[in-house]
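The block underneath contains the structure these notes are about, expressed in structure tokens.
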Amino acid sequence: MSFSEPVKDQLDLFGAVVDNLAIMVDMARSAFNHQCRQMLAEMEHHKVIVEEEIALATERIDNLLAELSAKDQVNAIKLHSVLAHLQIVTEALGELVHPLRRQISDGVPFSPKACSQINDLLKGHLEILRALADVLKTDNDVLKTYISDEKGPQVCSLCIEFATDHEARLIEGLCTPHAAPLYLGILDCLRVMAQHEISVAQLLREISKAEGPMA
């Protein structure tokens, strides 16, 4: 099974978006681990690039809609939805800059456990985005399932689990009040990202199924 030509023609731009999102996640991890504000500025620059790529992909799909068959129009509309979810992932990464910058600028210490958890979640997002980049090239159903049914839900669950545990420790007086809102803000951004990465994989699976086996 593979994407039809009208759909495949659009996926190069989608791949560029996903590749740049992965770069932004890697920048976030480097900024956090090295306490580097300059890397956060690079993240914001990359966000502008991603938004321009999404706008270009949206315009291309709009221009194609009138030329497509009814079946391909449905899939093109679903591609619009994919872009909408990628835009939300982009915005969540942009929001992630704020608690990271505050933590770095104010020198707010996180516990080794919290640092390890944030690194694990960022690594999980890198795995998802790299798998998604492969899906856009190969239409691999196994990777779609991995994102939508395994890794994506796992990252979502961990965000909720880490937040719940942290709030309990805060109530018990085991965490500093300055660190708590920053840590929870980071987790919230990472949870939103995972939810919409799952939706992207599900939509790509729907598009592929709608097109059916190719001769």
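The values are calculated or read from the model by the stated rules, or taken from the named source; none is laboratory data. All of these numbers come straight from a predicted model, not from anything done at the bench. Note that we place each Cβ from the backbone using ideal geometry, even for glycine, and neighbour counts take in every protein chain shown. Just so you know, the surface numbers come from the protein's heavy atoms only, side chains and all, with ligands and any DNA or RNA stripped out. Shrake-Rupley method; radii C 1.70, N 1.55, O 1.52, S 1.80 Å.
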statement: Averaged per residue, the 1.4 Å probe accessible area of the chain, protein heavy atoms only, in Å², is roughly 47 Å²
For a label point 7 Å along the Cα-to-beta-carbon line of S81, residues of segment 50-69 with backbone N under 20 Å: 54-55, 57-66, 68-69
- line: With a 1.4 angstrom probe the carbon and sulfur portion of accessible area for segment 5-210, in percent, totals 54 percent
- prompt: Hey, how much of the P(r) for the chain falls beyond 29 Å, as a percent of Cα pairs?
  reply: 30 percent
- request: Specify which residue in the list A66, L204, I77 is farthest towards the positive end of the charge dipole of the chain, using unit charges on the beta carbon of Lys, Arg (+1) and Asp, Glu (-1), about the Cα centre.
  value: L204
- prompt: Name the residues of segment 9-41 whose amide N is less than 16 Å from a point 7 angstrom out from the Cα of T176 along the C-beta direction?
  reply: 35
query: Tell me, what is the FRET efficiency for R60 and D141 to the nearest 0.05, using R0 = 25 angstrom and their Cβ-Cβ distance as r?
result: 0.45
- line: Membrane-span-like helices (DSSP H runs, Cα span along own axis at least 18 Å, mean Kyte-Doolittle at least 1.6) in the chain -> none
query: With all protein chains present and a 1.4 Å probe, how do I128, I198, I77 order by accessible area, largest first?
result: I77, I198, I128
- prompt: Total Lys pairs in the chain closer than 22 Å by alpha-carbon, pairs eight or more apart in sequence or interchain only?
  reply: 21
field: Label-to-label distance, nm, for residues given as Q73 and D165 (7 Å Cα→Cβ offset)
entry: 5.1 nm
